[in-house]
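Have a look at the structure below, then the notes.
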Amino acid sequence: EKVLRTIPVVVHVVARTNAENISLAQIQSQIDVLNDDFRRLNTDRDGTWNQAADSEIEFCLATVDPNGNATGGVLRQSTTRTQFGRGNDNMKFTSTGGSDAWPAADYMNMWTCNIGEGTLGFAQFPGGPAATDGVVMDYRYFGTIGTAQAPFNLGRTATHEVGHYLNLRHIWGDGGCNRDDFVSDTPGSDGPNYGCATGVVKCNSVDMVQNYMDYSDDACMNLFTTGQKARMQAALTGARASLLN
Ligand code: ARG
Ligand code: ZN
Ligand code: CA
């Protein structure tokens with residue numbers, strides 16, 4: 001039978017402008033996408049790949065803060081930063097214009113801010129420093145309403161980043177045909193696919209462009225596989241087990 005595991009989430013909204021200060025409804029739309037995608041309840045699921053799986057992982061906005069008080073699970077932090085740029089964690093620290101992480105052992109920290117420079121989002125894999133642990137999404141690629149911009153307006157940037165957070169690699173393994181994603185039921189590949197490609201053959205097999213861990217447009221991705229589920233579940237019984245206590 002199903003064994004559902006629910007990850008408590010705190011969302012840090014780091015904003016300079018009113019637009020960046022996204023609404024609670026937009027935040028909830030992102031939580032809803034995570035729940036649909038990770039449970040394979042997304043309405044755009046299809047039968048293209050029979051290894052598609054319900055990961056049995058769910059998400060909820062935190063209801064108790066680190067001090068034991070009631071919370072809505074959303075923190076709003078104003079900033080003077082026009083954009084944070086790629087390749088840094090400044091949005092994760094109050095001292096650098098961001099918002100300090102809640103304890104990473106107990107919460108999945110999600111930040112939304114103006115990253116800019118064309119970066120949709122990024123994530124930290126299990127095993128890294130607690131102070132920077134979590135996922136970051138630009139405010140234009142978060143949720144499905146408000147400031148969300150096509151073709152990344154279906155909340156799949158967070159689905160992808162949370163995949164990394166739960167130890168998934170890109171399906172092409174970030175290398176050539178001999179580099180693996182450590183998942184046996186994703187076809188081998190040697191690079192990302194963009195847009196809405198289909199029938200792309202790389203490394204002698206058809207690429208799984210519909211996988212959340214490729215780089216396709218949001219509307220063109222719709223699955224995690226059974227092998228990816230196993231890897232995420234292993235993270236939740238290993239390095240990230242404390243999230244569930
Ligand atoms: N490029 C980003 C990363 O490697 C995210 C890609 C998200 N793709 C999407 N269709 N939203 O983490
Ligand atoms: Zn990625
Ligand atoms: Ca593989």
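Of all the numbered requirements in (1) within 18 Å of VAL33 (Cβ to Cβ); (2) within 16 Å of ligand 2 (Cβ to nearest atom), ALA219 misses one, and that requirement is (2).
Among the residues of segment 89-109, which ones are part of a loop (DSSP other than H, G, I, E, B) and out of contact with any helix residue (DSSP H, G or I) (no Cβ under 8 Å at 6 or more places or on another chain)?
If the condition is that a residue be part of a loop (DSSP other than H, G, I, E, B) and out of contact with any helix residue (DSSP H, G or I) (no Cβ under 8 Å at 6 or more places or on another chain), then TRP102 is the only one that fits.
Assess whether GLY195 counts as being over 26 Å from ILE57 (Cβ atoms) and part of a loop (DSSP other than H, G, I, E, B). Yes; evaluated as a whole, the condition is true for this residue.
Report the residue count in segment 192-211 for those that are within 16 Å of ligand 2 (Cβ to nearest atom) and in contact with a strand residue (DSSP E or B) (Cβ under 7 Å, 6 or more places away or on another chain). Total meeting the criteria: 2.
Starting from residues that are in contact with a Lys or Arg (Cβ under 8 Å, 6 or more places away or on another chain) and more than 16 Å from GLY163 (Cα to Cα), keep the ones in segment 94-109 and report whichever is surrounded by the fewest Cβ atoms within 10 Å (Cβ to Cβ).
Selected residue: ASP100.
Within segment 22-45, restricting attention to residues that are open to solvent by 70 Å² or more (accessible area, probe 1.4 Å) and over 17 Å from the mean Cα position of the chain (by Cα), the residue that is nearest to ASP138 (Cα to Cα) is LEU24. When the residues of segment 183-196 are filtered to those that are open to solvent by 30 Å² or more (accessible area, probe 1.4 Å) and under 16 Å from CYS220 (Cα atoms), the one that is farthest from ligand 1 (Cβ to nearest atom) is CYS196.
Out of THR112, THR119, one residue alone is in contact (Cβ under 8 Å) with a residue 40 or more places away in the chain and either in a strand (DSSP E or B) or surrounded by fewer than 21 Cβ atoms within 10 Å (Cβ to Cβ) (or both). It is THR112.
Within segment 207-237, can you find the residues that are open to solvent by 40 Å² or more (accessible area, probe 1.4 Å) and either over 27 Å from THR119 (Cα atoms) or in a helix (DSSP H, G or I) (or both)? Answer for segment 207-237, where residues must be open to solvent by 40 Å² or more (accessible area, probe 1.4 Å) and either over 27 Å from THR119 (Cα atoms) or in a helix (DSSP H, G or I) (or both): ALA219, THR226, LYS229, ALA230, ARG231, ALA234, THR237. The set of residues in segment 158-182 that are open to solvent by less than 10 Å² (accessible area, probe 1.4 Å) and farther than 19 Å from ALA241 by Cα comprises ALA158, THR159, ILE171, GLY173, ASP181.
The values are calculated or read from the model by the stated rules, or taken from the named source; none is laboratory data. As the structure is a prediction and not an experimental result, all values here were calculated from the model. Please note: Cβ atoms are built from the backbone with ideal geometry, for glycine as well, and neighbour counts cover all protein chains shown. SASA here: full protein model, heavy atoms, side chains in, ligands and nucleic acids out. Shrake-Rupley method; radii C 1.70, N 1.55, O 1.52, S 1.80 Å.
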